[in-house]
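Worksheet: one structure, shown below.
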Amino acid sequence: MTIQAWTEGGRQLTIINRSAQTLGVCGLVIDPYATKTVALRKVQGHSSYMTELFNLKNAGKVDVSLNSDVLSPTDLQYVDAPVTGDLWVTREVWNNVATIDRDAIKTSFSTAAAATTYSGTDLDGATGTGDMDYARNIQIYAVTGGGEALVQKTFVITGLDINGQVLSESLVVGALGAGANATTQGVYAFKSISSVYVPADGSGVPGSYEFGFGKKLGLSRPLTQGGMIAEFMSNAAAVAGTVVLSTTGLPNGTYAPNSDPNATRDWVVYYIAS
């Protein structure tokens, strides 16, 4: 028996403390008779969380439900069971994938002499803090004019992943001399962005940045090894894209098609999730 856990929206375990004492469960502190939720992906395969749940359920101290279905102690023994590789193939479908947009999150701005966190209406691109068409990687475009420069910085990008969980990526953007431009590609897949931290720039006359998204598409289920079984673009066999496994391309891995998206191209890929 395997209880399927991975869906595009991300499943949540609801834990109800049925006892009169405060309990520590799955990294949470739950007050007497209180209820808390935890992302199932944080519990699956954990070295101790499953044992905690099983023992507390058996002792009658907690009830646990998955998407409103109350789980029995037997269910809790299998909720993190691995999916059999020879039976389960994941099919991703991305339709009319939006064109790469270098300022979709924030339009051009001169970097400040003081460290600044941009959020809310500061993120004034066409997408801004809203959802992207699919989970995508974030890119930072840097440009300088004559007499301008940019020092190396580590940007911190924060938002939500495909499962609605908070995701943060530290992205090193290199120094840039006068009259040049460069694009730095992130490797994580974000569904939306809530803030971007930009360190101070001490170059004297700094250049500008733009925040947008690239062509890497986030997978909906974790791929820890291997690659694509089959790839199609607009209903024809596609030239192989670039796959980044979930160990690097958080949370589940990414797929970058060989051809750039143009808002009309579709991709369908197949792989065996972990």
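Which option, [x] 36; [y] 52; [z] 58, is the value of percent of Cα pairs over 26 Å apart that was calculated from these coordinates? From the options [x] 36; [y] 52; [z] 58, the structure gives [y]. Mind checking which of ILE15, ILE138, ILE193 has the largest fluctuation in a GNM of the chain, springs on alpha carbons under 10 Å? The residue with the greatest mean-square fluctuation here is ILE15.
In this simple spin-label model, placing a label point 7 Å from the Cα along the Cα-to-Cβ direction at both SER170 and ASP131 gives a separation of 3.1 nm. On the basis of the beta-carbon distance and an R0 of 41 Å, ARG91 and THR51 show a calculated FRET efficiency of 0.75. For the peptides 267-274, 106-113, residues were scored by their other Cβ atoms within 10 Å and the scores averaged per peptide; the highest-first order is 267-274, 106-113.
Listed peptides 172-179, 130-137 appear in the order 130-137, 172-179 once ranked by packing, highest mean of other Cβ atoms within 10 Å at the front. Among the listed pairs LYS106/LYS191; LYS42/LYS106; LYS42/LYS153; LYS61/LYS191, those whose Cα-Cα separation exceeds 26 Å are LYS42/LYS106; LYS42/LYS153; LYS61/LYS191.
Since every read-out is calculated from the coordinates, none of them should be taken as a lab result. Worth saying up front: this structure is predicted, and the values here are computed from it rather than measured. Here Cβ is always computed from backbone atoms with ideal geometry, including for glycine, and neighbour counts include all displayed protein chains.
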